[in-house]
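Okay, structure first, notes after.
The values are calculated or read from the model by the stated rules, or taken from the named source; none is laboratory data. Every value quoted in this text rests on a predicted model; they were computed, and no experiment measured them. So basically every Cβ, Gly included, is an ideal-geometry build from the backbone, and we count neighbours across all protein chains shown. The protein model used for the area step is the full one, side chains on, heavy atoms only, and it has no ligands, DNA or RNA in it. Shrake-Rupley method; radii C 1.70, N 1.55, O 1.52, S 1.80 Å.
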Amino acid sequence: MKTIVVCSGGLDSVSLAHRMAGEAQLVGLVSFDYGQRHRKELDFAAKCAARLAVPHHIIDIAAIGGHLSGSALTDNVEVPDGHYAEETMKATVVPNRNAIMLAIAFGLAAAQKADAVAVAVHGGDHFIYPDCRPGFIDAFQRMQNAALDGYASVKLLAPYVEVSKAAIVADGAKHGTPFAETWSCYKGGSLHCGRCGTCVERREAFHLAGVADPTEYEDRDFWKAAVSQYAATEVR
């Protein structure tokens, strides 16, 4: 299938892009600038597109993101440190983000006669982000079937929606993902901070997958204390 991957430049979506390059006909990556404080990830998405020799579409929706206030990713709200499963990580929710991005990606896919849009939502996101859950993926597909009825047929691929971050690391290693060329940190500094929820989750995932982590962290060992007290609970 001719497939477009929604690629933020993070570990999950870059791993997905490399997987799709091997399993489908990858015809492009689409990224979104929604005013996120860690928008340096877009540079890593561009590197991924260049590496895989496919077009890279950066869609500027910063004007929309500016109205989705109250999130630590888009507003003047402190990014919380600690385990990804902590209640405080809900401060990173951007309302309806995936629904907005996927609607645009489906429009792009239909216009370009692509067969599928692939997105890297995964099981570890379920408890925080409602638009990462299997129910959302299924409902969005039904909605798009109606929206594009008679014009195009585009499938939503979410191969990681039921698996852990560690499983994505293992899959990324299988497909040759250069993990050092991905960006996860919510704080967007010169290095991964090693303390925010997504850095802790990233560090833990490499450990659980038994894969060497090439990432440079400002605090490489914080994750050990952070994960010792918490475990994520999936919501379906």
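Side notes on the structure shown:
- Sparsely packed loop sites in the stretch 100-174 (the chymotrypsin sites (Phe, Trp or Tyr not before Pro) outside DSSP H, G, I, E and B with at most 12 other Cβ atoms within 10 Å) comprise 151.
- Using θ = phi - 60° in the Karplus curve 6.51 cos²θ - 1.76 cosθ + 1.60, the 3J(HN,Hα) couplings for the stretch 142-154 round to 4, 5, 5, 4, 6, 5, 10, 3, x, 10, 7, 10, 10 Hz; x is entered for Gly and Pro.
- Using the Cβ of residue 171 as centre and a radius below 14 Å, the other residues enclosed give a net charge of 0, where K and R count +1 and D and E count -1.
- Global form of the stretch 108-183, assessed from the alpha-carbon gyration tensor, a/c cut-off 1.5: oblate
- Cα gyration tensor shape of the stretch 139-214, rounded if a/c is under 1.5, else prolate or oblate by comparing a/b with b/c: prolate
- The H on the amide N of residue 162, modeled in the peptide plane, is under 5 Å from the matching H of 123, each at least 5 residues off or on a different chain.
- Distances between placed amide hydrogens fall under 5 Å for residue 58 paired with 31, all partners being 5 or more residues away or on another chain.
- Given their separation in residues at 0.36 nm each and the Cα-Cα distance between them, residue 43 and residue 99 gain 17.9 nm when the chain is fully extended.
- Heavy-atom surface of the stretch 110-164, accessible at 1.4 Å and reported per residue (Å²): 43
- For the stretch 1-47: rounded, prolate or oblate by the Cα gyration tensor [a/c cutoff 1.5]: prolate
- Approximating the spin labels as points 7 Å out from Cα along Cα→Cβ, the residue 139-to-residue 208 distance works out to 2.6 nm.
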